[in-house]
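Please treat every number below as a calculation from the coordinates, not as lab data. The model shown is predicted, which means the values in this text are computed figures rather than measured ones. Heads up, the Cβs are rebuilt from the backbone with ideal geometry, glycines too, and the neighbour counts pull from every protein chain shown.
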Amino acid sequence: MNAAIYVRVSTDQQAEKGYSIATQLAACRKCACELGATTIEEYVDDGYSAEFIERPNLTKLRKAVKAKEFDLVVFYDPDRMARNLLHQLIIAEEIDKSGAELKFVIVNYDQSPDGRFMFGIRGLLAQLEKEKIKERTMRGKRGKAAKGMVISDTKPFGYRYDAVKSSYAINENEANIVRMIFNFIVINKMGTARICKELNARGIPSPRAKKYWIVSSIYRILTNTLYKGTIYSMRYRYEKIGLHKKKRTLRPESEWIPIPVPAIIDEVTWQAAQKQLQENKDFAKRNSKRDYLLNGLVTCARCGRAMVISHSGCKEHISYYACLSQKSASYAYSGQESCTARQVPTKVLDEYVFNYLLEFYHNPDTLTEHIQAVPEGKDLQQHKAALAQMGNVETELIKQKDTVLRWFRQKMLTENDAESQLQDIGRQLADIAQMKKTYQTELATIAPARSTAEIAAAIKTSFNKGNFTDEEKRVAVRAIIDRVIIERVDNTRGRGSCPQINVQLRLK
């Protein structure tokens with residue numbers, strides 16, 4: 001009698017519970033020999049979950065069964081075959097159709113209707129137990145995260161794991177490198193590739209003792225909220241879609257669980273780094289087929305959207321700054337109306353802006369006039385207005401608190417009523433304080449305006465040349481300008497037309 005035995009184990013924990021490969025093989029061999037097997041072929045899947053039917057050696061066994069190579073197939077128990085009831089029934093039916101006998105070491109199985117029914121019940125119970133294990137595991141992780149404990153150590157650069165507290169502690173040697181990386185991008189305005197090159201040139205050790213720093217490692221550090229003091233648990237949902245394959249989807253932000261950790265850099269520095277990363281992306285040469293002086297800086301005054309490079313279809317290949325809503329397919333298919341702002345030739349606007357800045361260099365008085373004439377940015381105005389409003393509310397709440405205390409002293413309120421009102425006012429004051437802190441942090445990241453003297457010094461440094469190459473012009477302009485807001489106001493058309501443009505420069 002030719003027999004096949006199949007054994008499987010997915011984790012070390014199962015080995016501890018008596019499901020080790022050696023234990024299963026010994027029991028299955030004994031069972032096969034007792035049933036009269038003369039030859040035994042073994043199929044072993046070590047480190048594979050029973051959740052999926054596609055397992056290397058199980059697949060080989062099923063092919064051999066279909067070829068009717070065996071008279072007997074032995075499993076230790078149905079869980080080793082599969083945990084999914086449907087998978088168990090498929091494999092059992094394949095064995096039955098081949099004419100072979102199916103046996104389990106610790107479970108009785110027969111091919112009668114009652115036997116198949118009990119086999120199905122056991123499969124359902126195994127599947128239920130699997131779901132209960134997953135639910136208990138997830139509940140335990142949520143509970144641990146809710147207590148502010150790190151669920152698993154991902155070995156982040158700059159930290160060491162404290163197993164006793166289930167938290168991270170700062171590794172000062174690595175933390176100094178993290179601070180250096182943030183200084184490179186925030187202060188020196190370096191890109192990730194240049195930071196990578198600088199660290200390698202200095203011989204600074206990389207994460208996990210790799211030979212060189214790579215760009216992706218720099219980017220992960222710069223975008224990880226861990227370094228400003230917060231990591232998020234339950235941020236992603238993982239779903240198995242095949243053997244050793246998982247699908248990761250982002251959960252709604254309301255489901256994320258924040259876990260506080262010691263911060264290596266402050267909130268303002270982290271936000272400044274995110275802004276610089278976005279600027280680097282906007283101005284990257286690879287994102288533009290040609291170098292344009294103001295590419296990535298121009299905003300439509302009519303709708304507030306960015307203006308992108310557009311090209312004419314004529315032989316001269318004239319280029320324009322055009323509103324994004326007129327060129328982006330996402331706007332065309334979304335049903336939104338396109339902006340009616342007219343295109344502006346890149347050559348006209350580039351020359352105008354560069355000469356305007358050059359005038360600041362030659363005549364500093366015009367810089368003062370410009371700064372006085374330009375209002376603060378919209379975001380800056382909104383944040384200042386919100387902070388002022390919160391200050392007024394805070395003042396009013398403090399007055400209410402004083403009134404409650406006065407009424408209590410005058411015995412116009414009972415102790416319980418006074419305590420209740422004071423607690424309510426205290427909660428509102430705490431909420432206001434938290435909101436003010438958030439707005440003040442954001443306000444510090446909205447490109448705080450430099451003084452006239454600082455801007456003049458930057459212009460003097462950037463424009464202290466006789467002749468500029470195109471690249472030198474780009475560098476000089478980006479050192480001074482944060483945003484160029486434009487609108488074309490003339491009605492002239494044709495190649496010989498002279499466009500009239502309202503231009504508003506936002507200086508850094």
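Say the cut-off is 31 Å between C-alpha atoms; which of Lys60/Lys141; Lys281/Lys347; Lys347/Lys508; Lys281/Lys460 go over it?
Flagged as over cut-off: Lys60/Lys141.
Once the principal axes of the Cα atoms of region 159-279 are found, what is the range along each, listed largest first in whole angstroms?
Computed over the Cα atoms, the extents are 42, 33, 31 Å.
Could you tell me the distance between the Cα centroids of region 44-72 and region 131-209, to the nearest Å?
That distance is 41 Å.
Are there GluC sites (Glu not before Pro) in region 139-232 that DSSP puts in a loop and that have at most 15 other Cβ atoms within 10 Å, and which ones?
Sites meeting the loop and neighbour criteria: none at all.
Which order do peptides 501-507, 404-410, 23-29 fall in by mean Cβ count within 10 Å, highest first?
Put in order of decreasing packing, that is 23-29, 501-507, 404-410.
Can you compute the modelled spin-label distance between Lys97 and Asn200, with each label point 7 Å from Cα toward Cβ, in nm?
Using points 7 Å along Cα→Cβ, the separation is 5.6 nm.
Residues with amide H under 5 Å of Thr230's amide H, sequence separation 5 or more or different chain, H placed in the peptide plane at 1.01 Å from N; which?
Amide H neighbours of Thr230, under 5 Å, 5+ apart: Val261.
If neighbour count is taken as other Cβ atoms inside 10 Å, put Asp402, Asp96 in order from fewest to most.
In increasing order of surrounding Cβ atoms, one gets Asp402, Asp96.
Taking other Cβ within 10 Å of each residue's Cβ, how do Ile425, Ile204 sort, fewest first? Please report the intermediate quantities before stating the final value.
Values: Ile425 16, Ile204 13.
Ranking Ile425, Ile204 by Cβ neighbours within 10 Å, fewest first, gives Ile204, Ile425.
Arranged from highest to lowest average of other beta-carbon atoms within 10 Å per residue, in what order do the peptides 187-195, 319-327 appear?
319-327, 187-195
Would you list Leu226, Leu387 from fewest to most Cβ contacts within 10 Å?
Ascending Cβ contact count within 10 Å gives the list Leu387, Leu226.
Between Thr366 and Lys30, what length comes free when the chain is fully extended (0.36 nm per residue of separation minus the Cα-Cα distance, one decimal in nm)?
This chain segment gains 111.3 nm when fully extended.
Compare the peptides 355-362, 142-149 by average per-residue count of other Cβ atoms within 10 angstrom and give them in order, highest first.
Numbers: 355-362: 15.6, 142-149: 14.1.
Result, highest mean Cβ count within 10 Å first: 355-362, 142-149.
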